[in-house]
Structure formats: structure tokens, C-alpha cells
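The values are calculated or read from the model by the stated rules, or taken from the named source; none is laboratory data. Worth saying up front: this structure is predicted, and the values here are computed from it rather than measured. Positions of Cβ are backbone-derived with ideal geometry, glycine not excepted, and every protein chain shown enters the neighbour counts. All accessible areas refer to the heavy atoms of the entire protein, side chains included, with ligands and DNA or RNA removed. Shrake-Rupley method; radii C 1.70, N 1.55, O 1.52, S 1.80 Å.
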Amino acid sequence: MSHSQIEQPRTGPISAEALARLDFLQSRPCGCGVLQGPACSGKSALLRELAVAADRIGALVAHVDGQSLDARGLLWELAAEWQIAPTVDAHSRRLTQDVRDFVHGSAAAGRRIAILLDHADRMEHTAGLTVARLLHECAWQQGLMLIWAANSPLQGDAADLLLPFTELRIDCPLPTTPEIADYARAVWGHSADKDLLPQLAEQLAGLSRSDLRRAERLSRLSQLT
């Protein structure tokens, strides 16, 4: 999916704060942050924005959806994102070694690694252990940055395993009606009648009921002719 096809990221103070926190994590030897908020608050869109920002500053980015992933699935996703290309029949131990070698080798070469992990609270326990081990191994060297997203309140395996490494938290509350209206204006751009745009944006904000995903779908559907 191209960047033009995905929903526009949430704008405003939350996005600006998240990008500022990204700069902070980049300055840490091994930085870890959590993006938390209720479902449909725009965490996935914001995580995509952070992935693009990390890529722009030269990090080797792996943007992974952790939902239902076990350790092997997570390792395959990381290998695919970094184009390590292990063999099809590679067992878990080989996959683990390939990913570890890539992370440590990149760090030794002065390259920054960035893992953006969506739906971290929905991955299986073995995947959480794998991420925690990577963070533990990289704690002593400049190399790895992890930002993981989860619904609030934080609970379950992800919280138990990753919070000990997590240095900062970015709260992502449900968007306000003015934020939804601003989002609609940005999506429609010049395609809507300028005089009707404020009223239409307010109507869409009411229909979306503070659900950024619903606002995205409604704004796209409204453009169909």
C-alpha cells in the first residue's frame, strides 16, 4: 500500500509531540517508547508517520503489525522488512540469529535500527519475549529504537515484558470534534465547495463520533461519484 493510499496521519499537538519524542529516543543508546490510547484514536496512523520520519533520518526501519504474531512470525516480519531474506525452511534458531546479527552488525557500522510495532498488546507471549531479548541485548550499545503501540490501559504480556525497558509514553486520546473537522478539510482539500466546507466538516465530525478510522472512511466515501 502506497503512502497516498493510507489515511492521512493525525495532525496537531499529539503528532508534534510524538515526533519530538522520536528525536529524544534517537539520542538514547537504546530507546524504547510506548504509544497508548483507546481503539480508533489514530495510533496506527501516527505510528506510520513515525516510521516515515525515522526513515528520513536514516534509520533502518521495520514497521510491523504484531497482532497474533508468535516469535517465529515476528522474526519473519523483521527479516522481510530489513530484506535479510532467510531461507524458506529456516528454523526459529536460525531466524533469531539472522535478526540478531543484522541488528548488532548495523549498530557496529553506526546505523540506527528502528522497530515500529503496532498492536503490541495483541501479539503472543513468545513474540513479546523476542522483543524484550533484543532490547536487553542492545541496552549496552547505540543501535536500537523501539516504539510500540497498545490500547490503554496497558495490560497483559506486552506491558509486563516491555514496560521495564520503556522510557517514555505518548498518550493518544480520542480526537476532538475540531480535530476531526480539520482532518476532513485536509482530506477534501479543494474538492469541496469552499462555502459549504465548514458545515460539511462539522457534520462529518458528528457522524464519526470521535472515531478517526470512521472519519477516514466517511471522508473517502464522500469523494466517490
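Scanning the stretch 92-140 for residues that are among the small types (Gly, Ala, Ser) and open to solvent by less than 50 Å² (accessible area, probe 1.4 Å) turns up GLY105, SER106, ALA107, ALA114, ALA120, ALA127, GLY128, ALA132. Taking the criterion of being part of a helix (DSSP H, G or I), out of contact with any helix residue (DSSP H, G or I) (no Cβ under 6 Å at 6 or more places or on another chain) and more than 22 Å from LEU22 (Cβ to Cβ), the only residue of the stretch 138-162 that qualifies is ASP160.
Scanning the stretch 163-185 for residues that are assigned to a helix (DSSP H, G or I) and at pLDDT below 85 turns up THR177, PRO178, GLU179, ILE180, ALA181, ASP182, TYR183, ALA184, ARG185. So is LEU69 in contact with a strand residue (DSSP E or B) (Cβ under 9 Å, 6 or more places away or on another chain) and either surrounded by 14 or more Cβ atoms within 10 Å (Cβ to Cβ) or closer than 17 Å to PRO29 by Cβ (or both) or not? Considered against the rule, which asks whether it is in contact with a strand residue (DSSP E or B) (Cβ under 9 Å, 6 or more places away or on another chain) and either surrounded by 14 or more Cβ atoms within 10 Å (Cβ to Cβ) or closer than 17 Å to PRO29 by Cβ (or both), LEU69 comes out as no.
Considering LEU60, LEU50, the condition of being modelled with pLDDT of 75 or more, closer than 25 Å to GLN155 by Cα and not acidic (Asp, Glu) is satisfied by LEU50 alone.
Looking at the stretch 74-89, is at least one residue in a loop (DSSP other than H, G, I, E, B), of a type in the set (Phe, Trp, Tyr) and modelled with pLDDT of 85 or more? For the stretch 74-89, residues in a loop (DSSP other than H, G, I, E, B), of a type in the set (Phe, Trp, Tyr) and modelled with pLDDT of 85 or more: present.
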